[in-house]
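Single-structure report; data block below.
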Amino acid sequence: MKKFNYLVSSYLLLHIAFSQPFSIGHKQITFTDPARSNRSILTEIYYPSTSSGDNTPIANGTFPVIVFGHGFVMSWDAYKCFWDTLVPMGYILVFPRTEGSISPNHNEFALDLRFLNEKMKAENTNPSSFFYQRISNKSAIMGHSMGGGCSFLAAASYTGSTTLVNFAAANTNPSSIVAAKNVTIPLLMFIGQNDGVTPPNQHQIPMFDSCASSCKTRVTILGGGHCYFADYNFNCSFGEGTTSPQPNITRAEQQRRVFHILKPYLNYILKNSSTDSILFINRLQNNSEFNYVRQCSTLTILNEHNNFSRDWTVAPNPFEDKLVFNFYKNKTYNVRISSLDGHWVFQLVTTQKTLEIPTSKLKNGIYIVSVNGQSVKLLKQ
């Protein structure tokens, strides 16, 4: 019982820490990739901090990393809206400044995204690192325009990132449409309906259709454009001004719609928040400001649907070392976990609001979770 109370207390403290808005710290680091002839990668990092500013102390906690690839001839500072929104929520945003010329190497930029994803996680175990014991094992690779296309190149045949998220992704050289065939991690793709720079039918939709992920979601912002996913950038805006159609909503409105979906998605998939999984699906299904397509495995769809008819949730799915239950009514819950052959591996009666169950010793496979007679299937991997 003491161990159970400790686990519950630890989870609640972690939840409270994540729910508080953090200040935004900033650090510039040049990383070196020895696998590519010591390639230098000048990187801007924005992180949860105890106070705002350059090189300010990092806040207590462990935080998921988001590596973000910029657009063609755009700089990292065009994406201030992302770090202003996500860092206070408890995310570390990492922006490589490489390949900003008129003739970028898309493959090298993709490898930069992948390298930084690995490097930041390695910093977590380096006692001399500023980020020592501050990095979660969950991460995302993101990108806009060219960076969006390169995010597919980075994620192809690579599962070191938890999810792939991109905005107005542009087809690259080598082709991100072709690379998408080897992307298996969950995908969230944002499209501007009135994108004349990278028309969706020629760029994002073929990538989405090719993507091999078992769970992928495409969100089309109605009236949205190409450049409005970012803050104002002269090069992007000048190029977009020569195209048709033009966006017919404001930049602020487009970004509001994006973060309306993006925030619960990231909390769901990078922080294992079952509450945000419900919010994410609910916002997809009940909104007239965008269209969406969601293609997921039968197991994923079943559990998302069941979330709406239960007064409890369990996450993540698939799971690895733990399962987290949230209970929403003041009553007794009988929790059971069994293998497909009916063998019980866990049983507990609780009146707590939160329950965390260690699962690292369970064998990989499908398990049936039953709470007060309601059941769902979860995958251990």
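Given the protein chains as shown and a 1.4 Å probe, how many square angstrom of E253 are accessible, to the nearest 10?
Number for this one is 50 Å².
Quick one: which residues, 5+ away or cross-chain, put their amide H under 5 Å from the amide H of K380? H built at 1.01 Å from N.
Hits under the 5 Å cutoff: F319, G365, I366, Y367.
What FRET efficiency would be calculated for the residue pair S52, Y292, taking the C-beta separation as r and a Förster radius of 25 Å, to the nearest 0.05?
So the FRET efficiency works out to roughly 0.10.
Let me understand segment 309-381 better: what is its radius of gyration from the alpha carbons, and its Dmax, in angstrom?
11.5, 33
For segment 138-288, just say rounded, prolate or oblate: build the C-alpha gyration tensor, square-root its eigenvalues into a ≥ b ≥ c, call rounded for a/c under 1.5, and beyond that prolate if a/b exceeds b/c, oblate if not.
oblate
How would T184, T243, T313 line up by accessible area, probe 1.4 Å, largest first?
From most exposed to least exposed: T184, T243, T313.
Heavy-atom accessible area per residue, segment 159-273, 1.4 Å probe: how many Å²?
35 Å²
Are there cysteines in the chain with no second cysteine's Cβ under 4.7 Å away, and if so, which?
So, C81, C150, C211.
Out of every Cα-Cα pair in segment 204-357, what percent are more than 22 Å apart?
For segment 204-357, the fraction of Cα-Cα distances above 22 Å is 55 percent.
From the convex hull of the Cα coordinates of the chain, what is the mean projected area in square nanometres?
19.3 nm²
Tell me the Kirkwood hydrodynamic radius of segment 188-267 in angstroms, computed as one over the mean inverse distance between distinct C-alpha pairs.
With all distinct Cα pairs of segment 188-267 included, I get 13.2 Å.
Residue by residue through segment 164-178, what is 3J(HN,Hα) from phi via Karplus (6.51 cos²θ - 1.76 cosθ + 1.60, θ = phi - 60°)? Round to whole Hz and write x for glycine and proline.
Those phi angles translate into 10, 9, 8, 9, 6, 4, 9, 5, 10, 10, x, 5, 6, 5, 5 Hz.
Give me the number: length gained by fully extending R36 to S129, i.e. 0.36 nm times residue separation minus the C-alpha to C-alpha distance, one decimal in nm.
So the chain would gain 31.3 nm between R36 and S129.
Go through segment 313-351 and name the trypsin sites (Lys or Arg not before Pro) that are in a DSSP coil and have 16 or fewer other Cβ atoms within 10 Å of their Cβ.
The qualifying sites are K329, K331.
For segment 107-207, place one equal point scatterer on every Cα, skip the solvent, and apply the Debye formula. What is log10 of I(q)/I(0) at q = 0.11, 0.13, 0.14, 0.25 Å⁻¹?
Each listed q maps to, in turn, -0.34, -0.46, -0.52, -1.23.
Using Cα positions and a limit of under 17 Å, work out the aspartates and glutamates in reach of K331, with same-chain residues fewer than 8 apart set aside.
D311
Leaving ligands, DNA and RNA out of it, rank I205, I102 by accessible area with a 1.4 Å probe, largest first.
Descending order: I102, I205.
Mind listing the phi-derived Karplus ³J(HN,Hα) values for segment 322-339, rounded to whole Hz, using 6.51, -1.76 and 1.60 with θ = phi - 60°, and x for any glycine or proline?
6, 10, 10, 9, 10, 10, 10, 10, 8, 7, 8, 10, 9, 9, 10, 10, 9, 6
Give me the dipole magnitude in Debye, nearest 20, for segment 70-223 about the Cα centre, with unit charges on the beta carbon: positive for Lys and Arg, negative for Asp and Glu.
340 debye
Have a look at G90, T243, G224 and report the one farthest towards the positive end of the charge dipole of the chain, computed about the Cα centre with Cβ charges (Lys/Arg +1, Asp/Glu -1).
Positive-most Cα among the choices belongs to G90.
Can you compute the FRET efficiency between S101 and Q28 using 1/(1 + (r/R0)^6), with r the Cβ-Cβ distance and R0 = 22 Å? Round to the nearest 0.05.
Computed FRET efficiency for S101 and Q28: 0.65.
Cα extents of segment 57-96 along the three principal axes, largest first, in whole Å?
36, 16, 15
So if I place +1 on the C-beta of Lys and Arg and -1 on the C-beta of Asp and Glu, and nothing else carries charge, what would the dipole magnitude of the chain be about its Cα centre? I want it in debye, nearest 20.
Value, rounded to 20: 1280 debye.
In sequence order, what are the phi-derived ³J(HN,Hα) couplings for segment 348-357 according to the Karplus relation 6.51 cos²θ - 1.76 cosθ + 1.60 with θ = phi - 60°, rounded to whole Hz, with x for glycine and proline?
Along segment 348-357, the couplings run 7, 9, 9, 10, 6, 7, 9, 9, 10, 10 Hz.
Using helices alone, I'd like the mean residue ellipticity at 222 nm for the chain: each DSSP H run of four-plus residues gives -39500 (n - 2.57), total over residue count, nearest 500.
Estimated from H runs of four or more residues: -9000 deg cm²/dmol.
The values are calculated or read from the model by the stated rules, or taken from the named source; none is laboratory data. Please read all numbers here as calculations on a predicted model, not as lab measurements. Virtual Cβ from ideal backbone geometry, glycine too; neighbours counted across all protein chains shown. These area figures cover heavy atoms from the full protein model, side chains too; ligands, DNA and RNA do not enter into them. Shrake-Rupley method; radii C 1.70, N 1.55, O 1.52, S 1.80 Å.
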